[in-house]
1. Which whole-number value in Å² is the accessible area per residue of the protein assembly as shown, probe 1.4 Å?
2. Cα to Cα, under 19 Å, and not fewer than 8 places away if on the same chain: which lysines meet these conditions relative to A:K11?
3. With the dipole of the stretch B:7-112 worked out from charges on the C-beta (+1 for Lys and Arg, -1 for Asp and Glu) around the Cα centre, which of B:S74, B:F100, B:I53 lies farthest toward the positive end?
4. Efficiency by 1/(1 + (r/R0)^6): what FRET value for B:K68 and A:Y18, r their Cβ-Cβ distance, R0 = 41 Å, to the nearest 0.05?
5. Determine, for each peptide in B:83-92, A:58-67, the mean count of other beta carbons within 10 angstrom over its residues, then list the peptides with the highest first.
6. To the nearest hundred square angstrom, how large is the accessible surface buried between A and B, total for both chains, probe 1.4 angstrom?
7. When N is the residue count of the protein assembly as shown, what does its C-alpha Rg come to as a fraction of 2.2 N^0.38 Å?
8. I want the local charge near B:V110. Using Cβ-Cβ distances under 9 Å, sum +1 for each Lys or Arg and -1 for each Asp or Glu among the other residues.
Amino acid sequence: GAGVSQTPSNKVTEKGKYVELRCDPISGHTALYWYRQSLGQGPEFLIYFQGTGAADDSGLPNDRFFAVRPEGSVSTLKIQRTERGDSAVYLCASSFRDRGDTQYFGPGTRLTVL
Amino acid sequence: DQQVKQNSPSLSVQEGRISILNCDYTNSMFDYFLWYKKYPAEGPTFLISISSIKDKNEDGRFTVFLNKSAKHLSLHIVPSQPGDSAVYFCAAIRGTGNQFYFGTGTSLTVIP
């Protein structure tokens with residue numbers, strides 16, 4: 001079956017602009033995670049959804065970052081007033097139910113803020 | 001602060017030999033540990049995991065060892081194959097938390 005997909009694969013924007021990154025999890029997976037991976041670093045946790053609700057958003061760096069998952073499937077990560085430091089690969093992962101189940105990662109969206 | 005550390009950014013091993021990748025952690029509350037493998041332009045792929053109640057878990061050529069007193073885990077790959085060349089991340093999670101903490105990765109090159 002289809003894996004986790006993320007769109008766009010690459011996004012170049014200018015400082016101060018707004019961007020949306022999309023994640024399509026594996027069908028039937030209720031848990032969804034967003035991570036940010038900067039160059040030379042491991043994935044850094046941003047937010048965890050269980051169904052439609054954000055069960056843990058403690059990893060979001062500031063209020064410019066927001067994520068939604070209105071129907072419990074597709075999720076969108078939204079970044080307002082982008083800064084150059086936001087440049088990174090944004091990874092999405094889904095798992096069947098919760099932290100005990102294997103996470104399946106998408107290929108990521110590479111965001112570049114000029 | 002970096003709660004999960006991989007101090008070797010890279011490792012080269014001859015095909016057929018053993019690869020040993022190391023990971024250290026600082027948070028004694030971590031109770032579940034995982035290894036992921038990542039190829040360029042792809043997301044990480046789950047490889048193997050271990051619960052803190054165990055000290056060893058084996059899956060084919062891959063074995064993970066956990067030393068809780070030293071807050072150290074290692075991944076052994078035997079025998080190493082060229083297709084194992086990738087970046088390996090260790091990750092940890094604590095108790096009822098939802099945050100997975102990842103190390104910075106070790107790039108493994110298996111030389112044919």
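The values are calculated or read from the model by the stated rules, or taken from the named source; none is laboratory data. Quantities reported herein were computed from a predicted structural model and do not represent experimental measurements. Ideal geometry is used to build each Cβ from the backbone, glycine not excepted, and the neighbour counts take in all protein chains shown. Note: accessible area is taken over every heavy atom of the protein model, side chains too, but ligands, DNA and RNA are not part of it. Shrake-Rupley method; radii C 1.70, N 1.55, O 1.52, S 1.80 Å.
1. Numbers: 10820 Å² over 226 residues.
Heavy-atom accessible area per residue stands at 48 Å².
2. Partners within reach: A:K78.
3. Most positive-ward Cα: B:I53.
4. Numbers: r = 46 Å, r/R0 = 1.11.
So, using R0 = 41 Å, E works out to roughly 0.35.
5. Details: B:83-92: 21.2, A:58-67: 14.6.
So the order, starting with the most tightly packed, is B:83-92, A:58-67.
6. Working: alone 6220 and 6150 Å², together 10820 Å².
Separately minus together, A and B give about 1600 Å² buried.
7. On the way: Rg = 17.5 Å, N = 226, 2.2 N^0.38 = 17.3 Å.
In units of the globular-protein estimate, the protein assembly as shown measures up at 1.02.
8. Values: positive: B:R17; negative: B:E15, B:D84.
So the environment of B:V110 carries a net charge of -1.
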